[in-house]
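Taking it in order: structure first as structure tokens, then the write-up.
The values are calculated or read from the model by the stated rules, or taken from the named source; none is laboratory data. In this text the structure is predicted, and so the values were computed from the model without any measurement. All Cβ positions, even for glycine, are placed from backbone atoms using ideal geometry, and neighbour counts span all protein chains on display. The protein model used for the area step is the full one, side chains on, heavy atoms only, and it has no ligands, DNA or RNA in it. Shrake-Rupley method; radii C 1.70, N 1.55, O 1.52, S 1.80 Å.
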Amino acid sequence: MTRIWASAAYRVAFTYSAAFALAILLLGLAVYYAADADFRNQQDVGIAEESAGLFREYGEGGMPDLTSAVTERETMNPADGYHYAVFDAAGHRVAGSLPIPRPNVGARDIQLTDAKEGPEAVRALVSALPKGARLVVSIDSEAVERIDETILSLFGAAFVSVIALGIVGALLLGGYLRQRLARISGTAQAIMPGDLAGRIPVSARGDEFDQLAIALNAMLDRIEQLLENLRQVSSDVAHDLRTPLARLRNQIESALDGPGDPQSQRPALKRALAQSDDLLALFSAILRISEVESGALKRHFARVDVSELAGDLADSYMPAVLDGSRTLTASIMPGLVVQGDRELIAQAAINLLDNAQRHTPEGTAIAIEVTTIGKDIALAVTDTGPGVAAADRPLITRRFARLEASRTTPGHGLGLNLVAAIAAAHGGTLAIEDNHPGLRVTLLLPKLPA
């Protein structure tokens, strides 16, 4: 019993059963007392009517008619439960068989002693007659007591049945709750040693436990994804930093081993400084992606006019694109607004424009477009360059992803990864498609109503 009571599931089940049993008990007592009061009130009404009838007899013929009427009623209707007594002013009983001394006026319960049945309770109404006489009309309360006993017996049996059913129901409910909770606990215990593949079973009922399981499974998916990203980042950072750090060390070592005059060391130190700036930029990009993925920036979201933002970027990038022997056109639908961070959306568009310039040959046509697709705003950057093979498109949004064709260009493979993180932070997606020819990269963001 101690082990059962230590279970929260069983405590909840038994507490509910106890509350239900208490409610049944209170209801039964209320019914019992209400029924008893109603039956006794009916008795009072009956003896009042009987007394009124005898008063009419007294009014018509005085004491002789009253005593005659009492004697007749006891003789003719002995089974109706009524008993009578008439007392004179001296307290002597002059009529009726009710064996009591002269009582005071009013309604009362009177205890009698029956030679056969022992103590017996009757309900009586004592009325005052002229010249100090008293009329007593009573009715046997045994019928009411039998009804009360029947109600108590039925209620007692019903209450015992409720208690028994409550205990059985509490055991079944507690066992069911423990079983459902044990699935969650078992999954958590399997995950603690490091097996993140375990998930909580979800039934087809879709109840509260299933909703909780779905939420926890989504949380576990997110944790697994973050840990996988952490492992990937750790591995990729170690791999990508090895070469630039080795170059930095060689440049510093070359400066130290070379001629001692500052003028000879200056070029090596400049190269080392540039390499250090490149490393700092790498770490800044990693921190920026982590900040975006954490979701902490969402509380600063505001209305952003994507159409205006894209127009400003197209105007500012036009000279640089033309200097690179490429062309830039803009096709922007006006008045498209999202809820987000203007700086992040601008950073995503800038990364897409930079990639379009960095990975395409001279003469490439680049375009920036803003339109709507369903309930989303589509900010797209297209080019007519060599494009990306369909098999490689899912890979280029990963951190430090570098295709063979881009190994000779500057960068660390974080640009599209940051764009994908910005899209996810705004509740959107990043789509990479063939532009026939070239590449089309589209940032889809939920549109705000005008």
The extension gain from MET333 to LEU226, computed as 0.36 nm times the residue separation minus the Cα-Cα distance, is 34.9 nm
So how far apart, in nm, are the two label points at ALA157 and ALA190 if each is 7 Å from Cα heading toward Cβ? 5.1 nm
Taking amide H positions as placed 1.01 Å from N in the peptide plane, with prolines and chain starts having none, which residues 5 or more places from VAL94, or on another chain, fall under 5 Å of its amide H? VAL86, PHE87, ASP88
Quick check: residue separation of LEU165 and THR150 times 0.36 nm, minus the Cα distance between them. What number comes out in nm? 3.2 nm
First compute the accessible area of the range 61-104 with a 1.4 Å probe, then give the percent of it belonging to carbon and sulfur atoms. 53 percent
So how much slack lies between ARG205 and LEU245, counting 0.36 nm per residue of separation and subtracting their Cα-Cα distance, in nm? 8.7 nm
So for the pair ALA128, ARG299, with labels modelled 7 Å out along Cα→Cβ, what separation do we get in nm? 8.4 nm
